[in-house]
Structure formats: C-alpha cells, structure tokens
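Undergrad: Could you have a look at this structure, given as structure tokens, before my questions?
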Amino acid sequence: MKNISKVIKLGLFLFVGMLFTVTLSCNDDITFEDQVPDYAYSIIRSFDINNQSATINHSTGTITLTLPAGTNVSNLTVNMSLPEGATVEPASGSTVDFSEGPVVFTISNNGVSRPYTATVAAYGDPKIMTFSIGENDGVIDQENATIQVTVGSEANIKALAPQYTIPGGTTSTPQSGVAQDFTNPVKYTVLSNDGFTGKSYFVTVTQLQKALITSFKTGTDVCSVTGIIDDETSTINLDFPAGADLSAIAPIIEVTEGSTLSPASGVAQDFSAGAIEYAVTNVEGITKTYTVNARTITSSNKIAFISGADCVESISEPDTKAAALWLKANYAEDFVYLKASALTSADLANTEMVLLYWDNTGSQDMPDGGITTDKVEIITNYYKAGGHLMVEGFAINLLDDIGRININGTLLTNEGGNTNPVGGENLDAWGLRGSYTTPSPAASANHPILAGLDQGTTDYYPMNNANYKEDRNFGIDFGGEYNSLFTQPHCSEERALEFETATNSVLIRWYEWLDARGCGIGLAEFKPQGEYLGTMIVNTGGWLEWSMEDNNGAVNDYQGNIHLLHANVIDYLLN
C-alpha cells in the first residue's frame, strides 16, 4: 500500500510541472514598461562664474566652486552649457545670490527634470573689519592699510590689548586681545585660508597728552629762574639768589597741548607767604595739581658743572643739559654752573668736585664751545691742588692735557657714532661688568660707588636697555702704547695689577663685552699721586644716556642706575 501511494504522488507532481511549462510558453511575448527617466539630455555640462569652472558631480547632482578671497558671493553671474533643447532655472546668464547658502538649479529636457545643488563660496577676504582699544575705536584706511587709534592719557601705551574682527576663513597675527607695545607702530597681518592671499596693516596709537606743566619760568629769557619740575611728586621748586623779592612773581607757564591752567600764566603771585598750587586740566578733564615752592638759597658751590652755554637751560645738547639739570635739581644748595669761556681760578675756590661731561653730534667738542687750553689749565691746577674730578663722555679728550694718565693712541672709539649723528637698534642691555673670569680685589669688586645699583637678572650692572642707542663712547685700551710700559700680557689680571700699582688706581669695572681685568678702563678711580692731590673718577661707558630725547622714542628702564652711580660718586668724593 505504501508503494502505490508514492507512485500516485509522483505522477501528480509531474503533471503540475508540465502544466506550468505550457503556461509560460504561451506568454513569452509580454513586455514590461521602463519607469526609469532618461537623464542623458537633462544634465548641466558646465557651470562657470567669473571665468572659473565649478566641479560637477552628475551622480550626486552637486556643483561646488570656491572663488578668490574677497569675492562678493551675493551678486554672481552664472553661465552654464546645456544639451540641445534643455532649459534651466535659474537661467544661464542670470545673477544669483549664494550668500545664504546652496542654490538649486533645475534642468528640464524632453519632459525630464533634474535638480543640481550648487554651493558657491569665496576664500576668506583678508582684512581687518573693526579695531578698537578699550572704548576707543580705530579709524581703518583700507586703501592704505593703516589704522589710527587715539587712547587716553592714563593708558599704558606699552601694554595695550586691541580687540578686532576679521572675516571667516582668515587668520591673523598678532591675535586679537594680545597686549602690544605701541610706542611705535605695530604691524598686523591677516591671511586668507587660500594660503597665499594676505594683507598687512600698520596700527599707530596716539595718546592724549597728560595734564602737565612743561615749563615754569620767571621770564621769557632762557636763563631766567626756571622751576625744577617733578611730575612724580607734582612739585615745582624755584630757586632764587639770596635777597630776591618773592612777593610779586609773575611766572611764564607752559602746559601740554589743549590743557588749561589755573591760576593763569603771567599773573603775579605772592610766593613769600609759602607755596602756591597750580591746577592743569587736559582735554579729557583730568586735573593735576602742582605745589610750587619758591625759595632763596646761597649755594656752597661744592659741585660744579662746566659747559659752553650761558646757563644750564640754554645748553644746546640734550644729554649734556640733562646731566646739568639733574645736578641742579638734586644738589641745589651745593651746585654751581660755570660757563667755560668765562671760567677763572676764583670760580673754583670753594668747589670740591667738578663734573666734566658732555656729549655732542657731529663733533667731540664741548657743545656751545669755550673749553680752551687756558681753561683746561685752570681745571688741571684745581685738580693738582686737591680738587676732585669726574671725567666722562667726550670730556675724556681732556685727560692727556690734564696729564694724570696718558690715553694718546690707546683710545677705542666708535667712529661712526662719535663723529656723526648716528645710532642704531640694539636689543642688548649695556652696562658695567659685574663678575669676572678672574676674581678681583675687594677694592674693585666692592667699591662704594657701586652701592645699591640694580644688577637685574644679569651678571653686570645694566645702565641702558633701550632698543635705540646713540653709541657715542670711548674705551681706554691697555694694549698699544701701554705694551711698552708693562710686562704682563694684555687682558690679564696681572696687567690690571701692574696698571693699578703704577697709577695708584682702582679698576672698578669695564665694558660688558670685556671678560677680564687688564683689557682697559670702563670705570676707574685714580687716587692722589705725585703733584695730583685730588681724586679722579673716569667713566668711559657708552651706555651713558642722560637724556632719551634723541633716542628715537626709546625708554631706558635703567636710568635710575645712571643717577644712583653719580649720586654715589658725589657722596664718595665729597666725604
């Protein structure tokens, strides 16, 4: 029974299979309709803007194009090439705005339409769009690539942090918000992300002038009594000779541009009863009040400064004038100014110390003239009789005439700096060597005139860190002519000791670029010897900038070291 059942089942299966085959054979002429559109004639063949061709991806229906930096993408003319009979919207040749993002272009042909998504951008336009320092907006001149900013009188112009904006797709340096020193114009550069398009601006900061009294005199004559102005303490001191009438002084006063003054300049005031206050107000409304003191003094004439002008105020060379003014301001009761051409022996009768210093431009002569041979002889006789000297700057030219030491043929000079108005940028701090390869005697290493000087972070006493230096200086070399006087090697400790013994001197310091004693004189003390009964300090430092007025706006952070050194010398020689 089981075998019969299997046979029946097999027969039925074969019958159904044959029936299915016959059915397919009867219908092999039937076709299906193709529903896939034909895009062969609905494509954008090319897409150009400003003669630049875009990249077209037909598979994804996308178009991309990046235009040069600075291109305005809100108003672009698009040119396209299409197959015959095709149309596109927006049309070829039309103006299209791409600033809001991608734009869809739809092409149609033979009843078939297809969209293309076009993305058009521009590389970053390298420019500064806004620039400000605090509440002060900069004036941007795009054509000349300059930016002008005015800041208040109280701003620290050496550490201002501008805020500025630049377009997307650009980078800049220095970066926005980073503090800069605007003593001089600062360069800012903006670079596009195309890697080669950039623009640089020079930013100049103008600072409103502070409320300051710049000149306080008793008359229009340059040599009238002139007030010594101390802006830090807001005081002005007027020193009159003994017996002067202080009850009706009408000072001639100058203030910073745009500032006002009360009481006014030229109005008589009674200074005999005590100090009078003067208030100066600048354009910002900031007021500074000075306390003006007038007094009569009789100077001891212990400290003399000799120069060629009629008075301190009329000295023509800025460094020379600044040195004399410093002495006058800080040693008023002991100071006397002597005009070189009128110098007599009697003028030095009560003087204990003479500062012989001057600088000059285009010449090594004393500014305003007058230091003739007979006047040098008066100074020499004063020194021989026990008077003290400090000799520095171009006054070192007098050393051969004074005769205490011979420097003829042993002078190192910077000829360009000495004989012309030449200076230069130099990032190094200049000063006096503070440590040596060979230990120095205590008399040199611990000399009293070095007391309290700032050594900063260096191994010497810095005196000038200004970027711009005049570089007019001397250096007295122990080589050359001195080789015939000494037996020990040049630049050795032994030669230094030979020189000190022979001249009864102490070689205190030298230029920072000399590494050993015995090379030459930087700063030295010459004690009494033979007919020379006085003490002489010689300073050959090229760092000696009494005034920064002619240093291209540079500021010397170590000006205090120059002042303290000279205060120490005065104290040492007078005591």
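The values are calculated or read from the model by the stated rules, or taken from the named source; none is laboratory data. Just so we're clear, the structure is a prediction, and the values are computed from it rather than from any experiment. A quick note on method: Cβ atoms are made from the backbone with ideal geometry, for glycine too, and the neighbour counts reach across all protein chains shown. Surface areas here come from the heavy atoms of the whole protein model, side chains and all, with no ligands, DNA or RNA. Shrake-Rupley method; radii C 1.70, N 1.55, O 1.52, S 1.80 Å.
Undergrad: Within the chain, what whole-number % of the accessible surface is contributed by carbon and sulfur, with the 1.4 Å probe and all protein chains included in the calculation? Mind dumping the intermediate values first?
TA: Values: 14500 of 28190 Å².
The value for the chain is 51 percent carbon and sulfur by accessible area.
Undergrad: Around SER192, under 12 Å between beta carbons, what's the net of Lys plus Arg minus Asp minus Glu among the other residues?
TA: Net charge around SER192: 0.
Undergrad: Using each residue's phi in region 554-564, evaluate 6.51 cos²θ - 1.76 cosθ + 1.60 at θ = phi - 60° and report the 3J(HN,Hα) Karplus result to the nearest Hz, with x for Gly and Pro.
TA: So the Karplus estimates, Gly and Pro as x, are 5, 10, 9, 5, 10, 4, x, 5, 5, 5, 5 Hz.
Undergrad: Over all alpha-carbon pairs of the chain, lay out the pair-distance distribution in 10 Å bins, whole %, shortest bin first.
TA: Bin by bin from 0 Å, the calculated values are 3, 12, 16, 15, 12, 9, 7, 6, 6, 4, 3, 2, 2, 2, 1, 0, 0.
Undergrad: Next question. On a 0 to 90° scale, report how tilted helix 373-384 is relative to the longest principal axis of the chain, with both axes built from alpha carbons and the result rounded to the nearest 10.
TA: 80 degrees
Undergrad: Okay, moving on. Over the chain, calculate the relative contact order: mean separation of alpha carbon pairs under 8 Å at least 6 apart, over the residue count, as a percent.
TA: 8 percent
Undergrad: Give me, ordered by chain and number, the residues 5 or more places off VAL73 or on other chains with an amide H under 5 Å from its own placed amide H.
TA: Under 5 Å from the amide H of VAL73 lies no amide H from a residue far enough along the sequence or on another chain.
Undergrad: Calculate, for ALA346 and SER215, the FRET efficiency according to 1/(1 + (r/R0)^6) with r their C-beta to C-beta distance and R0 25 Å; round to the nearest 0.05.
TA: Working: r = 33 Å, r/R0 = 1.32.
Calculated value: 0.15.
Undergrad: Give me the percent relative contact order of region 211-298, please, defined on Cα pairs under 8 angstrom at least 6 residues apart.
TA: Numbers: 196 pairs, mean separation 29.8, N = 88.
Once normalised by length, the contact order is 34 percent.
Undergrad: Please compute one quarter of the surface area of the Cα convex hull for region 130-207 and express it in square nanometres. Before the final figure, lay out each step's value.
TA: Details: hull surface 19.4 nm².
Over every viewing direction, the Cα hull of region 130-207 projects on average to 4.9 nm².
Undergrad: Of the listed peptides 200-211, 305-316, what is their order by residue-averaged count of other C-beta atoms within 10 Å, with the highest listed first?
TA: 305-316, 200-211
Undergrad: Once you treat every alpha carbon in region 209-287 as an equal point and sum by Debye, what is log10 I(q)/I(0) at q = 0.12, 0.16, 0.24 Å⁻¹?
TA: Here the Debye-derived log intensity ratios amount to -0.33, -0.59, -1.25.
Undergrad: Another question about this same structure. Accessible area per residue, 1.4 Å probe, Å², for the chain: what's the number?
TA: Numbers: 28190 Å² over 575 residues.
Counting only protein heavy atoms, the per-residue value for the chain is 49 Å².
Undergrad: Return one number: the angle in degrees, 0 to 90 and rounded to the nearest 10, between the long axis of the Cα atoms of helix 2-26 and the longest principal axis of the Cα atoms of the chain.
TA: So the helix axis and the longest Cα principal axis differ by about 80 degrees.
Undergrad: Run lengths n ≥ 4 of DSSP H only: what is the helix-derived mean residue ellipticity at 222 nm for the chain, with -39500 (n - 2.57) per run over all residues, to the nearest 500? Show your work: numbers first, answer last.
TA: Details: 8 runs with 90 residues, N = 575.
Counting only the DSSP helices, I get -5000 deg cm²/dmol.
Undergrad: Let me ask something else. Determine the principal axes of the Cα atoms in region 46-121, then give the extent along each, sorted from largest to smallest and rounded to whole angstroms.
TA: Dimensions of region 46-121 along the principal axes of its Cα atoms: 40, 23, 21 Å.
Undergrad: In percent, how large is the relative contact order of region 46-121, given Cα pairs closer than 8 Å and 6 or more residues apart?
TA: Values: 139 pairs, mean separation 23.4, N = 76.
Relative contact order for region 46-121 comes out at 31 percent.
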